[in-house]
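One structure below.
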Amino acid sequence: QVQLKESGGGLVQTGGSLRLSCAVTGNLASVNQMAWYRQSPGKQREERELVAAITSDGNTNYADSVKDRFSIFENSTKNALFLQMNSLKAEDTAVYYCNAEGLIGAVSQFTYWGRGTQVTISA
């Protein structure tokens, strides 16, 4: 089992910055990817968008909409995941979820979710 708890959301003006944190506990032996997803207002759970991901060997990938603005990283002990968000836009408003996944190739073997943290960008 893996437990994920997000924090750091809030209300910020357009152009501002936020850093989200995810406390990671439990058995991480088989987790090989950590990620941030977001669910925009009016979207369903199945429509959550991958924002950024980091693999166990440190490779990262980002949604085109956040490249050069967001950065995903972990601490050295890998019990915390972060998302640094800069130059925030109104369309970044969403609930942001921390995700831990065990992949074999591109096939998900298991996935864990946190409860999410609300990020609201005001004009």
For the chain, what is the charge dipole size about the Cα centre, in debye to the nearest 20, if Lys and Arg each add +1 at the Cβ and Asp and Glu each add -1 at the Cβ? 260
Pick out which of N79, N99, N59 has the largest mean-square fluctuation in a Gaussian network model of the chain, springs linking Cα atoms closer than 10 Å. N59
Based on the alpha carbons, how large is the Rg to Rh ratio for the chain when Rh follows Kirkwood? 0.95
Taking region 1-86, which trypsin sites (Lys or Arg not before Pro) meet the DSSP loop condition and have no more than 13 other C-beta atoms within 10 Å? K43, K67, K78
Global geometry of region 22-77, whether rounded, prolate or oblate, following the gyration tensor of its Cα atoms and the 1.5 cut on a/c: oblate
In Å², rounded to a whole number, the accessible area per residue of the chain with probe 1.4 Å is 53
Which whole number in µm²/s is D for region 53-123 by Stokes-Einstein, with the Kirkwood Rh taken over Cα pairs at 25 °C and 0.890 mPa s? 178
What percent does the relative contact order of the chain come to when contacts are Cα pairs within less than 8 Å and at least six residues apart? 36
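Where does each of V66, V12 land when they are ordered by accessible area, with a 1.4 Å probe and the largest first?
Putting V66, V12 in descending order of accessible area: V12, V66.
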Any number yet on Rg/Rh for region 11-53, C-alpha, Kirkwood? 1.05
In the full protein assembly as shown, how much of S7 is accessible to a 1.4 Å probe, in Å² to the nearest 10? 60
For K78, the lysines lying under 24 Å Cα to Cα, once residues fewer than eight places off in the same chain are dropped, come out as K5, K67
The percentage of the accessible area of the chain (probe 1.4 Å, all protein chains present) made up of carbon and sulfur atoms, to the nearest whole number, is 48
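The values are calculated or read from the model by the stated rules, or taken from the named source; none is laboratory data. Owing to the predicted nature of the structure, the values given are computational and were not obtained by experimental measurement. Every residue, glycine as well, gets a Cβ built from its backbone with ideal geometry; the counts of neighbours run over all protein chains shown. Heavy atoms of the whole protein, side chains included, go into the accessibility calculation; ligands, DNA and RNA do not. Shrake-Rupley method; radii C 1.70, N 1.55, O 1.52, S 1.80 Å.
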